[in-house]
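Notes follow the structure.
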Amino acid sequence: MTASTLARRGLGVTVVERSGDTGRTGAALSVPEGLLERITGLRSEQLPRTLAPGVQSWFAVHTALHAAAAADLGIHFRENTRVVEVGQDTDAAWAVTAEGERIHADILVGADGHRSVTRRHVAPDKSDARYAGQVLWIGVAEESAIGSRGWPASVAFQHGAGYTLIGYPLPGADGSTAPGARRLGWALYDSSRDDVLRGSGALVGSVVQHTLTAPEIPEHTFEELARDARRAFSGTWRDAMVDSIRRRAVIGTPVAEYVPDRLVRGRVALVGDAAHVANPMTGRGFAESLLDAESLGAALSSNPGRGDRTRALLHYELDRLDAVREFVRSGR
Ligand SMILES: Cc1cc2nc3c(=O)[nH]c(=O)nc-3n(C[C@H](O)[C@H](O)[C@H](O)COP(=O)(O)OP(=O)(O)OC[C@H]3O[C@@H](n4cnc5c(N)ncnc54)[C@H](O)[C@@H]3O)c2cc1C
């Protein structure tokens, strides 16, 4: 989103991304009305039909944004390229890749998520997001695999046995929103399994290291979750959860939190989860990232000269810092 916003304002952008964009999963995001139009400047009929506003799978959102950015000639993609360090002097900022290459630019924007490498440069005294005491178990089931007994119309919350379960209908892989042909996403808040996170290395000290993939989740944890699901929850959402657990198609994300003291240092700025990490319960991490991108674009437009870049970044920080601090606190 940041790359597209800046490219539309006439800046040449290089995106450096460690992923090869294959085999990604992830949870769900709420897509604001007109998001892609705002980001790309394209009309809705020029955009992918699978990305209607509403709750969408992470993958559908990423695919559509990526396609829009890749079609923009002002953006150069460097995938399968991991940044290990960020630096700057009075003339330029740079990213050092795992291969030792230095990629220079007037400014560098860290959009590298909750374990941001860029944040270490911007806020070296407070560079890690902290574990917030919960793991979120996440799965997606096909409605066609569950069998009908009154399909859910909207997002649902259930509480039981110390858990909170959130269920959200998602379009099918083909974009279908007809009940019976959709997918059912669910997420279970669990504050009782720090031992599983520590045992797998997903949590070290108070710093979240990574999301647990299914092969890392102990067999007894799957069995306990299936037992608790049957006991504590009801209806289609329970069935979706039991189906995902039976297929071992579950991931476990330790919830992290980061309240920033700064968003900018010189020629380097942070956006999205690199800048602020809030409890997913807020449901707003994605929308706040969009606001970061738009604010940064506006700041660079009102300070268009190359010599004005650092001033533009300070305007961005002034515009966003209080709002994002409040956003993260709201997740508590
Ligand atoms: C379980 C869960 C559920 C959520 N649900 C919602 C929701 O319903 N609604 C909502 O609005 N938000 C939700 N969020 C929050 C939302 O996912 C984030 O706010 C959003 O993904 C942040 O986007 P981002 O681009 O800043 O970071 P990410 O999505 O984390 O993207 C960072 C990118 O940087 C790349 N990268 C990282 N490090 C490097 C490196 N060193 N070199 C090169 N590339 C690198 C990564 O590969 C990745 O592509 C949820 C989060 C979680 C964990």
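The values are calculated or read from the model by the stated rules, or taken from the named source; none is laboratory data. Bear in mind that the values here come from a model prediction, so they are computed numbers and not experimental data. All Cβ positions, even for glycine, are placed from backbone atoms using ideal geometry, and neighbour counts span all protein chains on display. Note: areas computed on protein heavy atoms with side chains; ligands, DNA, RNA excluded. Shrake-Rupley method; radii C 1.70, N 1.55, O 1.52, S 1.80 Å.
Could I have the simple spin-label model distance between Asp308 and Glu99, label points 7 Å from Cα toward Cβ, reported in nm to one decimal?
3.7
At q = 0.14, 0.17, 0.24, 0.25 Å⁻¹, what log₁₀ I(q)/I(0) does segment 286-332 have when each alpha carbon counts as one equal point scatterer in the Debye sum?
Summing over Cα pairs of segment 286-332 leads to -0.36, -0.50, -0.81, -0.85.
Excluding His159 itself, what net charge comes from residues whose Cβ is under 15 Å from its Cβ, given Lys and Arg +1 and Asp and Glu -1?
Charge balance near His159 sits at 0.
What number in nm² do you get for segment 130-257 if you take the convex hull of its Cα atoms and divide its surface by four?
That works out to 7.7 nm².
Count the net charge of all other residues whose Cβ sits under 13 Å from the Cβ of Arg238, scoring Lys and Arg as +1 and Asp and Glu as -1.
Residues near Arg238 contribute +2 overall.
First select every other residue whose beta carbon is under 13 angstrom from the beta carbon of Ala323; then total the charges, Lys and Arg +1, Asp and Glu -1.
For residues surrounding Ala323, the net value is -3.
Can you give the angle from 0 to 90° between the axis of helix 58-70 and the longest principal axis of the chain, with both taken from C-alpha atoms, to the nearest 10?
Here the helix axis deviates by roughly 30 degrees.
Take the chain, drop everything but the C-alpha atoms, weight them equally and run the Debye formula without solvent; then report log10 I(q)/I(0) at 0.10, 0.11, 0.12, 0.14 Å⁻¹ to two decimals.
Ignoring solvent entirely, the Cα scatterers give -0.62, -0.75, -0.89, -1.18.
What is the extension gain from Ser191 to Glu33, computed as 0.36 nm multiplied by their sequence separation minus the C-alpha to C-alpha distance, in nm to one decimal?
53.5 nm
As an exercise, use a Förster radius of 35 Å and the Cβ-Cβ distance of Asp261 and Ala226 to find the FRET efficiency, rounded to the nearest 0.05.
Approximately 0.25, to the nearest 0.05.
Given the Cα-Cα distance of Ser176 and Glu45 and 0.36 nm per residue of separation, how much length would full extension add, in nm?
Contour length minus the Cα-Cα distance gives 45.4 nm.
Roughly how big is segment 130-257's charge dipole about its Cα centre, with Cβ charges of +1 (Lys, Arg) and -1 (Asp, Glu), in debye to the nearest 20?
That gives segment 130-257 a dipole magnitude of about 200 debye.
Under 5 Å between amide H atoms, partner at least 5 residues away or on a different chain: which partners does Gln134 have, H built in plane at 1.01 Å?
Val255
For Cα pairs less than 8 Å apart in space and 6+ apart in sequence, what is the mean separation divided by the residue count of the chain, i.e. the relative contact order in percent?
Worked out over the chain, it gives 19 percent.
With every protein chain left in place and a probe of 1.4 Å, what is the accessible surface of Leu188, to the nearest 10 Å²?
About 0 Å², ignoring ligands and nucleic acids.
With Kirkwood's inverse mean 1/r over C-alpha pairs for Rh, give me the Rg to Rh ratio of segment 41-178, two decimals please.
My calculation of the ratio gives 1.07.
May I ask you to evaluate 6.51 cos²θ - 1.76 cosθ + 1.60, the Karplus curve with θ = phi - 60°, for each residue of segment 279-291 and list the ³J(HN,Hα) values in order in whole Hz, giving x for glycine and proline?
4, x, 4, 5, x, 10, x, 5, 5, 5, 5, 4, 5
Using the Karplus equation 6.51 cos²θ - 1.76 cosθ + 1.60 (θ = phi - 60°), what ³J(HN,Hα) coupling, rounded to whole Hz, does each residue of segment 202-217 give in order, writing x for Gly and Pro?
Ordered by residue, 3J(HN,Hα) equals 6, 10, 10, x, 10, 10, 6, 9, 6, 7, 6, 8, 3, x, 8, 7 Hz.
Could you sort Trp186, Trp58, Trp94 by their accessible area in this structure, using a 1.4 Å probe and putting the largest first?
Reading off the accessible areas and sorting them downward yields Trp58, Trp94, Trp186.
Give, rounded to the nearest 20 debye, the magnitude of the charge dipole that the chain has about its Cα centre when Lys and Arg contribute +1 at Cβ and Asp and Glu contribute -1 at Cβ.
Value, rounded to 20: 300 debye.
Percent of alpha carbon pairs in segment 180-332 separated by more than 22 Å?
Of all Cα-Cα pairs in segment 180-332, 56 percent lie more than 22 Å apart.
What order do Ser330, Ser206, Ser289 take when sorted by accessible area (1.4 Å probe), most exposed first?
Order by accessible area, largest first: Ser330, Ser206, Ser289.
Working out 0.36 nm times the residue gap between Ala145 and Ala67, then minus their Cα-Cα distance, what length gain in nm do you get to one decimal?
Extending this stretch completely gives an extra 25.0 nm.
Just want to confirm a number: the relative contact order over segment 130-257, from Cα pairs under 8 angstrom separated by 6+ residues, in percent.
In percent, rounded to a whole number, it is 39.
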